[in-house]
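The values are calculated or read from the model by the stated rules, or taken from the named source; none is laboratory data. Because the structure is predicted, anything quoted here is derived from the model rather than measured. For neighbour counting, all protein chains shown are included, and Cβ atoms are generated from backbone atoms with ideal geometry for every residue, glycine included. With ligands, DNA and RNA removed, areas are computed over all heavy atoms of the protein, side chains included. Shrake-Rupley method; radii C 1.70, N 1.55, O 1.52, S 1.80 Å.
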Amino acid sequence: MRRALTTHPSRAVAIVVALTLAALSIAGARAQTRPGGDKGGRTSAEWRKLAEASEAFGDGRGEEARALLASIPVARLPKGAEDDYAFLKAMLADDGAANVAALEVYLKTYPRGPHRRQATLALGRARYVRGEYSEAENVLSIFSPGVEKDYIGRQALVQRGLAQLARGDAVGALAFFRSAQADLAGTPQEEAYYFAVSQAAIRASKPAEAIEALRLLLERHAKGDYGPQALYAMALSLEAVGRPGDAAGAFRQVMVRYPNSYEATRARDRGIRVASSSPTFPLGGGFVVQVGAFSRRELAEALARDLKLAGVDDVSVKQGTETPTIFRVRAGAFSTRDEARALGERLRRERGFSYTIAPR
């Protein structure tokens, strides 16, 4: 009997960090701060700090960039630096709502500024992460297939398709991805693109098309960022087209090639291959991954929903007993710290989350 294809509604969320963190942290930020000087040609201290903040941001040193920006008195901001300063402040806002608000203000204030495209991509991503998929798609609608020739534009095409997929239009997202193939195939975004295509095809009940996209991904990016996820998705797709033997082989490849990955744990849970020596833990034992702690329950629950949409199992919000109360977001149920760490590392790599391992 053919097994129905099963996947989590927005498993494609996992692609976001590989699509966006590189774009937001590297693609143009360090090069776009324009050095200035006084009438004597000497670079001012404020310009130097702004340039250093831009470089730190481009290298992923967010705290250093924030400290440098904070050390620049707004009253002494050099003429012509306002755009760069506002852009970096918006990009470095560490609270989700503040980030969205700051990016919207930046785009309204500097609608033709040099950072407009990068800020628009950042705003689309921020909306997406908050679960505002229609809003994210609308923001990213300025990016269109057939015209995007730079790094940011190609990143935005994939993110726009993912937003359409996440809001429930799998068929439309798949059609959009097809229209963007010429823009993305053969580019640095190709791996992320083919994984996104596979997720749209899976949800559009077109497993054969998912298999083809995953085949291209695995052939061209054998050591890429999406190895375990792509193999696991390939196995699910092979099951859906009635090839259980090939599917079992793909599940085994996940376990052999990526033994410490979250997908390997999921494959073992399916009973594909479970070593007799695998440790077990009693009810209430084992380990979990803690990915957030908040003083407001609604923020914790929003993160928990996002993790569930990303395909993470056993997500819960635990209310602490301290005062003031802390709400902790936890995921998974693992018998060893290494298994829990595999999920934590996946979330760090794909979503940019920090994490800790805690007793279950």
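Data for the structure
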item	result
Only listed residue being modelled with pLDDT of 90 or more, surrounded by 14 or more Cβ atoms within 10 Å (Cβ to Cβ) and either part of a helix (DSSP H, G or I) or in contact with a strand residue (DSSP E or B) (Cβ under 7 Å, 6 or more places away or on another chain) (or both), chosen from 248, 233	233
Matching option when the condition is at pLDDT 90 or above and either out of contact with any Pro (no Cβ under 8 Å at 6 or more places or on another chain) or not hydroxyl-bearing (Ser, Thr, Tyr) (or both), among 107, 69	107
Residue tally, condition within 28 Å of residue 294 (Cα to Cα) and surrounded by fewer than 19 Cβ atoms within 10 Å (Cβ to Cβ), over segment 93-115	9
Some residue of segment 186-200 being under 16 Å from residue 263 (Cβ atoms), in a loop (DSSP other than H, G, I, E, B) and touching a residue at least 40 places away in the same chain (Cβ under 8 Å)	no
Any hit, segment 211-229, residues being in a helix (DSSP H, G or I), surrounded by 18 or more Cβ atoms within 10 Å (Cβ to Cβ), among the acidic types (Asp, Glu) and at pLDDT 90 or above	no
Spans of strands (runs of 3 or more DSSP E) in segment 280-360 with at least 2 residues open to solvent by 40 Å² or more (accessible area, probe 1.4 Å) and at pLDDT 80 or above	287-294, 316-319, 327-334
Residue within segment 215-225 that is in contact (Cβ under 8 Å) with a residue 60 or more places away in the chain and out of contact with any strand residue (DSSP E or B) (no Cβ under 9 Å at 6 or more places or on another chain) present	yes
Hits in segment 66-111 (condition: hydroxyl-bearing (Ser, Thr, Tyr) and farther than 16 Å from residue 54 by Cβ)	109
Lone qualifier among 159, 118 - being touching a residue at least 12 places away in the same chain (Cβ under 8 Å), farther than 24 Å from residue 302 by Cβ, surrounded by 22 or more Cβ atoms within 10 Å (Cβ to Cβ) and not aliphatic (A, V, I, L, M)	118
Test: residue in segment 131-152 that is of a type in the set (A, V, I, L, M), part of a loop (DSSP other than H, G, I, E, B) and open to solvent by 50 Å² or more (accessible area, probe 1.4 Å)	yes
